[in-house]
Structure formats: C-alpha cells, structure tokens
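Single-structure report; data block below.
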Amino acid sequence: MDLLHIFMKKILLFLLILFIPLLVSAESGKKSAVYFYADWCPHCQKVNAYFTEQGFYEKYDIQKLNFDESENKILLQKIFVEKGLESKQVGIPAIIIDDKLITGDQDIISSFQKNIENSKGTTVQFIEQVKSGKKSGEVPMVALISAALVDAINPCAFAVLILLIATVINAKGKNQALYSGIMFSLAVFVSYFLMGLGVYKAITIFNLPFYISLVVAIISILIGLANLKDAFWYGKIFVMEVPFSWRPKMQSIIKHVTNPLGAAGAGVLVSLFLLPCSSGPYVVILGLMAERVDLTKTISLLALYNLIFVLPMIGITLAMYFFNLRGKKLEEWRQKNLRLLHAVAGTIMLLLGMYLIYLRS
C-alpha cells in the first residue's frame with residue numbers, strides 16, 4: 001500500500017505540472033492589445049465608440065495609452081521604427097496586437113477582432129522588447145544544444161536505464177529488454193515534452209518580464225557551480241542528482257518492470273524522480289523560449305531538446321542489445337566517471353550562463 005500511495009502522489013504531481021497552467025489560462029488569459037489614442041483625435045473617437053459598442057473593453061485586455069503623454073509618444077515612435085517605418089510617420093489611432101501594428105480607424109475597426117482572436121498572447125513581451133531596445137529573436141542553438149547535452153549526460157538517467165534493462169534481461173531476455181528500453185525512453189521523451197510545454201505556458205501566461213533571460217543566466221551559473229561542487233566534493237551538503245532518500249523507492253519501481261508496457265509506465269513515474277537533477281538546464285531553455293519564440297517554434301525546439309536528452313538512453317539500450325554490454329559493467333563505468341560527468345555538466349552550464357549574460361550586454 002505504501003508503494004501505491006507513492007505512485008498516486010507522483011501521478012498527481014505530474015498532472016498538476018501539466019494542467020495548472022492550462023487552468024490558469026482559462027481563468028485569466030484574456031487576449032491583450034495596446035491602444036494609442038488622444039482625446040482630441042476624431043478617428044480615435046470612432047475606434048473608441050466601436051470598441052465600446054462591441055463590448056471589447058470587457059472581453060479583451062486593452063491597455064489604453066494617451067499619445068499626448070511624452071513617454072507614450074516616444075514608445076509609439078520606437079514601435080514604428082521597429083516595424084521599418086520612419087518616426088515622422090507616427091500617427092493615431094494605433095493598436096498593437098502581438099508584434100503587429102495596425103493604424104487608422106478603418107483598418108483597426110475592420111481587422112481588430114480577427115487579429116486579437118488569432119493573437120498568440122505576446123503583446124506585452126513585444127512592448128517590453130521595444131522599451132528595452134532589445135530585439136526578439138531565436139533561442140541561440142548553442143544554448144539549446146548545450147543545455148540538452150547536460151541533461152543527456154546526467155548520471156541519474158544513466159543509472160535508471162541501466163537498472164531497468166538489466167532487470168528485464170534477467171526476467172525476460174534481450175528482446176524484451178530492447179523493447180522496454182525503447183518504450184522507457186519514449187515515455188521519458190513524452191513526459192518531459194509535456195512538462196516543458198506546461199512550464200512554457202505558465203511563463204507566458206504570467207507575462208514574466210523581458211529580462212527573464214538574465215534570471216535564467218544566473219540560474220545556469222548556479223547550476224554549473226553546484227555541479228562543479230559535486231565534481232570535487234561529491235555528497236557534501238547536497239547532490240545534483242535524485243535525493244538519496246528517494247532512490248530505494250525509484251529502484252523498487254524499476255525492479256517490478258518485466259515488459260515494455262511496464263517500462264513505459266516506469267518512464268513516466270521515474271521522470272518525476274529525475275526532476276531534481278535534470279530540470280535545471282530545461283528551465284533555463286524554457287525561460288529563453290518564453291521570451292523569444294512563439295508556441296509553434298517552441299514545439300519544434302522542445303522536440304529537438306528532448307530528442308537530444310533521450311539519445312544516450314536509446315544508445316545504452318542498443319549497446320546492451322547488440323554488443324551484450326552488461327548492466328554491471330555500465331554501472332561500474334558510471335560510478336567511475338560520476339565526478340567527470342558532473343564536471344562536464346558544471347562547466348557547460350557555467351559557460352552557458354556567462355554566454356547568456358554576454359548576449360544581454
């Protein structure tokens with residue numbers, strides 16, 4: 001019963017991670033726009049009358065900025081320049097939806113509802129980018145690959161997979177072990193992909209500041225230093241791995257797996273155990289994604305990240321199947337190179353954090 005209780009707690013945690021952002025979105029995720037106007041402008045009055053008549057001020061989050069205030073006038077000039085227009089062309093009424101600029105009462109009235117309904121919810125981020133003078137862009141591929149590699153070489157995942165395949169080989173033979181290893185890797189891929197999507201959604205829903213990349217840069221440096229601590233003083237104070245107190249429970253889950261379906265279930269549950277030692281690099285990249293890319297690009301980047309993450313798992317599975325590598329041998333190699341793995345991970349994360357700070361300068 002105790003083991004079942006642990007399973008249920010982990011499953012509930014997993015579901016919360018996935019669905020809380022979506023529930024918050026349904027509750028508070030009004031589509032947003034920024035509207036530049038002036039009281040003396042007759043065209044603005046037409047737009048205002050239309051919005052009021054249609055109930056758009058209640059339905060959507062429309063932030064009204066008075067063009068007569070100097071800071072708002074400067075902001076709109078910057079937006080025009082950002083969109084490739086000259087500052088002398090600045091005019092009102094003007095409305096911003098995501099990174100799209102719409103000017104003139106007729107164009108706003110005819111296209112507003114369609115544009116805001118199709119909005120990706122990035123209006124606030126775009127405005128903050130313009131204010132700061134920083135352009136939006138892609139997540140640096142070197143950052144994504146570096147963080148994914150740190151996740152991929154984390155010793156926790158190696159230990160879990162080695163134990164899993166060795167258990168299934170002993171119980172059911174090599175063929176079942178091959179299928180189990182693949183299913184386990186696939187389950188981890190799907191779990192981490194969905195959890196990443198949930199975290200990304202949470203960051204964008206709460207409109208975290210544009211300077212989030214500075215925050216994740218600091219997190220990256222701290223993770224790097226923590227891993228370097230494990231490289232030189234392993235086991236002191238804390239470890240950047242699954243907590244020692246959790247390990248018997250995790251091993252108990254794995255030792256009960258004897259088929260591919262069970263391996264897939266174990267992959268989902270073990271993903272939650274792995275979070276303490278593998279979520280750091282993931283959070284860094286998710287922060288960058290939320291700041292720089294939209295949901296469509298995020299899906300492909302998340303898929304790439306998690307593919308890199310599970311490639312060593314697939315590699316170990318194939319090596320144990322085709323080259324008869326024994327779990328005991330692989331575990332001995334892992335234990336022998338534990339400090340080296342932490343040193344590599346720590347160095348990469350430290351350099352990644354410094355690189356992200358450099359990009360901010």
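Remarks
- Distance between the pseudo-spin-label points of residue 225 and residue 71 (7 Å out from Cα toward the beta carbon): 3.4 nm.
- Taken along the Cα-to-beta-carbon direction at a fixed 7 Å, the label points for residue 52 and residue 335 span 7.8 nm.
- Each residue of the stretch 334-344 was assigned a 3J(HN,Hα) from its phi angle through the Karplus expression (A = 6.51, B = -1.76, C = 1.60, θ = phi - 60°), giving 4, 4, 5, 9, 4, 5, 5, 4, 5, 5, 5 Hz with x at Gly and Pro.
- Neighbour-count ranking [beta-carbon atoms within 10 angstrom, fewest first] of 193, 126, 238: 238, 193, 126
- With the simple model of a label 7 Å out from the Cα in the direction of the Cβ, residue 119 to residue 319 spans 5.1 nm.
- Extended-chain gain in nm, criterion 0.36 nm per residue less alpha-carbon gap, residue 174 and residue 45: 39.0 nm
- Links that overshoot a 29 Å alpha carbon limit, given the list 131/229; 31/131; 73/201; 59/83: 131/229; 73/201
- Taking amide hydrogens as placed 1.01 Å from N in the peptide plane, the amide H of residue 100 sits under 5 Å from that of no residue at least 5 positions away in sequence or on another chain.
- Computed about its Cα centre, the charge dipole of the stretch 29-132 is approximately 200 debye, with only Lys, Arg, Asp and Glu carrying charge at their Cβ.
- For residue 31, the amide hydrogen comes within under 5 Å of the amide hydrogens of 61, counting only partners 5 or more places away or on other chains and with H modelled in the peptide plane.
- Relative contact order computed over the stretch 29-132 (Cα-Cα under 8 Å; 6+ residues apart), in percent: 35
- Close amide-amide hydrogen proximity is noted between residue 65 and 35, 36, 37, each under 5 Å apart and 5 or more residues distant or on a separate chain (H modeled in the peptide plane; Pro and chain starts excluded).
- Checking the cross-link pairs 88/114; 88/120; 46/100 against a 26 Å limit on the alpha carbon distance flags 88/114; 88/120 as lying beyond it.
Every read-out reported here was derived from the displayed coordinates using simple, explicitly stated rules and does not represent laboratory data. All figures in this text were calculated on a predicted structure; none of them were measured in a lab. For neighbour counting, all protein chains shown are included, and Cβ atoms are generated from backbone atoms with ideal geometry for every residue, glycine included.
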